[in-house]
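Scroll down for the structure; my scribbles are underneath it.
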Ligand SMILES: Cc1ncc(COP(=O)(O)O)c(C=O)c1O
């Protein structure tokens, strides 16, 4: 007789007050393949855990986003937000799709140059630009988005010294009806700071005001907030035109569109609730078109969309290490994915799907990572099918902010592969090894030897 | 160790305890184990049977059996007299 597939025995008390979930989980299917490549084969070949990026999904996302804006507005430019995911293979996919680069540090600026992005198509944001960074940005004709007055004065000084004009914009923060208001970056609209900075730039001989920038927050759920922000930037641009007869070339609305992930504490799943890119596009473009720009003088619209373009293009594969029961009877599952490589588990209730067939029986489970640390919780309560040791799981929508904010902690960082549009698998980042880490360390002579 | 004699189990894995009115569901392998325990098989015998019928290893079976029997005890489905 052929042996049957094993599933651990389960008994569950039926509470009359609770609906019985048995037999109703048809919406829940195993995720055995990603872009037609078997999860099992990926883990066999590249080990567990493993990040898997779908090139097809990235291209699909950016094309859809471009279409949403370009169908509504004549001049649109996306700039890939490097900090969201700055793996070169990912950045270059976006650059092949026409996106410029948006960076927030000298390191990211160098990465964009290294990816062969022309300096004039790099947007340099952020509060920390060193003198060296500013010099480099001026030399490469980059678009410098000024965050504070100290930076403005540095640019004035360094551009004068370099005898070269700096192409600048200011970042504007404002009340869009969203709480909390991100007023720590840039110059405030309501209290006149923004005007003060703009007057200084317009009087400068060495700065050219190219555009106006804002980034109102991240994981925004309100298209209307973007309409308010676009309206305020449009007003600023028109006032500059009237006062100085100077037309800014672009309005940059930053990033922040929500992805389809589930924010912790949200009542409804993100996929059902979060606005679509079309709704954001409609709010922004209709505001600009209805503002007082002459129809033939509409500024270029720049978007620095990050997470909404990359979140669902990456999966994290892992393996069950053990099942345990806590002292209060709760079921726990330990997997080999820790919070050190899945930073977003602090914000999101990530969807975890088994990678092999399972029955309709489920159990409420706490999912822990492998770190010997109490904070290492991937899901604090999730209804999961019964998983055995060695089973594989797929954590979905992990493309944004994980592969940049991950850290080497207790475990080393794993490989990242990309499945191309022909279903070919490429390793785009190797797993770390001990020697690489030891290269950073120095042992003082007197600590070299010991006897135990 | 015995399953309490009044504990009834249906083919579909529905467990009912007339004395308390409580009901439970079990998955097929859980049902198989309860049936065997009701036939007065020992935990060791049941574990061996499971190992022979399913694609798994003995360590997993023993660990899962321990946990399952502990849950049966917690739900008072087992006679604690013996
Ligand atoms: C200036 C700027 N642009 C773009 C982004 C990308 O944002 P998101 O990933 O929310 O679209 C960020 C991230 O916070 C940012 O600070």
Can you give me the ranges of the strands (runs of 3 or more DSSP E) entirely in region A:93-153 with at least 2 residues that are within 16 Å of the ligand (Cβ to nearest atom), within 21 Å of the chain's Cα centre (by Cα) and free of Cβ contacts under 8 Å to residues at least 60 places away in the same chain?
A:100-103, A:122-124
Failed condition for residue B:21, given (1) exposed (fewer than 12 other Cβ atoms within 10 Å of the Cβ); (2) in contact with a strand residue (DSSP E or B) (Cβ under 7 Å, 6 or more places away or on another chain); (3) within 14 Å of residue A:14 (Cβ to Cβ):
(2)
(1) within 30 Å of residue B:64 (Cβ to Cβ); (2) free of Cβ contacts under 8 Å to residues at least 40 places away in the same chain; (3) surrounded by 14 or more Cβ atoms within 10 Å (Cβ to Cβ) all hold for residue A:364 apart from (3)
In region A:367-377, is there at least one residue being more than 16 Å from the ligand (Cβ to nearest atom), outside any loop (DSSP other than H, G, I, E, B) and within 14 Å of chain B (Cβ to nearest Cβ)?
no
Considering only residues that are within 16 Å of residue A:326 (Cα to Cα) and in contact with a helix residue (DSSP H, G or I) (Cβ under 7 Å, 6 or more places away or on another chain), look in region B:66-80 and name the one that is nearest to the other protein chains (Cβ to nearest Cβ).
B:68
Say whether the condition of being in contact with a helix residue (DSSP H, G or I) (Cβ under 9 Å, 6 or more places away or on another chain), within 13 Å of the ligand (Cβ to nearest atom) and assigned to a strand (DSSP E or B) is met by at least one residue in region A:199-208.
no
From the list A:167, A:171, pick out the single residue that is under 18 Å from residue A:256 (Cβ atoms), at pLDDT 95 or above and surrounded by 18 or more Cβ atoms within 10 Å (Cβ to Cβ).
A:171
By residue number, the members of region B:24-60 that are more than 9 Å from chain A (Cβ to nearest Cβ) and touching a strand residue (DSSP E or B) at 6+ places or on another chain (Cβ under 8 Å) are B:35, B:37, B:38, B:40
Helices (runs of 4 or more DSSP H) wholly in region A:227-343 with at least 1 residues that are surrounded by fewer than 21 Cβ atoms within 10 Å (Cβ to Cβ) and away from the ligand (no atom under 16 Å from the Cβ) - which ones?
A:270-273, A:277-289
Lone qualifier among A:68, A:89 - being farther than 26 Å from residue A:425 by Cα and in contact (Cβ under 8 Å) with a residue 40 or more places away in the chain:
A:68
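The values are calculated or read from the model by the stated rules, or taken from the named source; none is laboratory data. Nothing here was measured: the structure is a model prediction, and the numbers come from that model. Every residue, glycine among them, receives a Cβ derived from its backbone with ideal geometry; neighbour counts consider all protein chains shown.
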